[in-house]
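These notes concern the structure reproduced below.
The values are calculated or read from the model by the stated rules, or taken from the named source; none is laboratory data. None of the values given here were measured: they were computed from a predicted structure. We place every Cβ from the backbone using ideal geometry, glycine too, and count neighbours over all the protein chains shown.
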Amino acid sequence: MALDPELLFKALLGAGVKGIAGVPCSILNHLILEAEASTEVDYVAASVEGEAVSAAAGMWLAGGLGAALMQNSGLGNAVNPLASLSIPYEIPVLLIVSWRGEPGAKDAVHHYPMGEATPGLFDLFGVPTTVLREDTDLDAAVQGAVEYMHKERKPAALIVPRGVFGKGAKAEERPAPVLATRSPRGSESTHFASPGLPSRTEVLTAWLQHFPEALAVSTTGYMSREVASLERVDRHFPMQGSMGFAPAIALGLCRTLPDRSVHVLDGDGALIMRMGSLATIGAVAPKNLIHVVVDNGTYASTGGQLTVSPQVDFAGVALACGYRSAAVCQGASSLDEAFRWAASESGEGPILLHISVDEREASGLERPDLTPAEIASAFRTALTEKA
Ligand SMILES: Cc1ncc(C[n+]2csc(CCOP(=O)(O)OP(=O)(O)O)c2C)c(N)n1
């Protein structure tokens, strides 16, 4: 007899899963409908599978427990945050992955290569898997995976083959998308301008003065090194790895801690890599998110190669995606005014502040002394103690 997706959903709730972020697969449709309809779990429709893993990681960092749901076709999109965030930072994330193209089972031809590779991919990264079959005890499977995750502080995966789930009760209940309410807001950003651009150091120094108590996630590369060198506090998460997914981690924090103001310190290269996060954040619209983009027009951390950011109006894109307000700051002596604006808008987010900087770099930025796992632990403790 087929498994009931509602029972899997209940097993997830019973094991303490508080949030799910995912990209759909038809095999997981009923589980998603359960999650969307439930008030007991927070469901985030992610733009890409790596964003789902990163948002679920953010949920754990904020003291909760998150699951990332995806089709195995999207495993490739999830590998980077799995390999460079969840595993090295020891952030448990429950992966719920459908299994298209399972060897020996009938499926569309384009699913077979990934279907064959799927168990091996998890093995490569040392992620234990449980394949759900029709006779699986769902409570035991989910509990087992979650206990392992808590004990080992590692991700674990539930693999869902085609056909094991019957039709759930919620299939007809999803509300229709409300396309008629869309309104383009691309031209409403605020501008702060003055001669001469600041350096990243000047931006971060001003940011620390304006937001001395902020919780923050900073992006891969020099940004995280520089924040940590200016002020190393546990409520900053100087992320390395998972390039482009600092906003997704912050989204997970925002959903779990809706009363805390959460800042993202992003780079132009990183944001361009994962622009879909603007759409996800715009739709979820966390009021407590402040997204600061420090734009030097380059990938400074890898030697200063040019990005395509001069063509990109990040504030306009953010507004068009549903951010509540956005501003552009071009000028060293406009920084204070821009951060005062951000402070005045905080609580009415998501907001984005796009700051142009020149290419001056601080010298001798060291990597943090702590291991990634120690940084993640300290961050989680700082957030949960004060929440
Ligand atoms: C997925 C991935 N691709 C590439 C890299 C290498 N990398 C690390 S930092 C970085 C540049 C980031 O550029 P940006 O976000 O503009 O910040 P900046 O270095 O200019 O401060 C790159 C390409 C990486 N770590 N991960």
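Points worth noting:
- Every pair of residues 6+ apart whose Cβ atoms lie under 9 Å, when the first sits in the range 292-310 and is at pLDDT 95 or above while the second is aromatic (Phe, Trp, Tyr) and near the ligand (Cβ under 7 Å from one of its atoms): 300/222; 301/222; 305/299; 306/299; 307/299
- Scope the range 5-27; condition surrounded by fewer than 23 Cβ atoms within 10 Å (Cβ to Cβ) and in contact with a strand residue (DSSP E or B) (Cβ under 9 Å, 6 or more places away or on another chain); matching residues: 15, 18, 23, 24, 25, 26, 27
- Number of residues in the range 90-104 that are assigned to a loop (DSSP other than H, G, I, E, B) and β-branched (Val, Ile, Thr): the value is 2.
- Strands (runs of 3 or more DSSP E) contained in the range 241-333 and holding at least 3 residues among the small types (Gly, Ala, Ser), more than 16 Å from the ligand (Cβ to nearest atom) and not assigned by TED's automatic domain parsing to the domain that holds residue 39: 325-330
- Residue within the range 326-346 that is hydroxyl-bearing (Ser, Thr, Tyr), under 25 Å from residue 261 (Cβ atoms) and modelled with pLDDT under 95 present: yes
- Residue check, residue 257 surrounded by 19 or more Cβ atoms within 10 Å (Cβ to Cβ) and closer than 20 Å to residue 53 by Cβ: yes
- Residue 294 vs. criteria touching a helix residue (DSSP H, G or I) at 6+ places or on another chain (Cβ under 8 Å) and buried (at least 17 other Cβ atoms within 10 Å of the Cβ): yes
This table checks each residue for (1) in contact (Cβ under 8 Å) with a residue 12 or more places away in the chain; (2) in a strand (DSSP E or B); (3) under 14 Å from residue 245 (Cα atoms); (4) assigned by TED's automatic domain parsing to the domain that holds residue 321.
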| residue | (1), (2), (3), (4) |
| --- | --- |
| 28 | yes, no, no, no |
| 35 | yes, no, no, no |
| 44 | yes, yes, no, no |
| 59 | yes, no, yes, no |
| 64 | yes, no, no, no |
| 88 | yes, no, no, no |
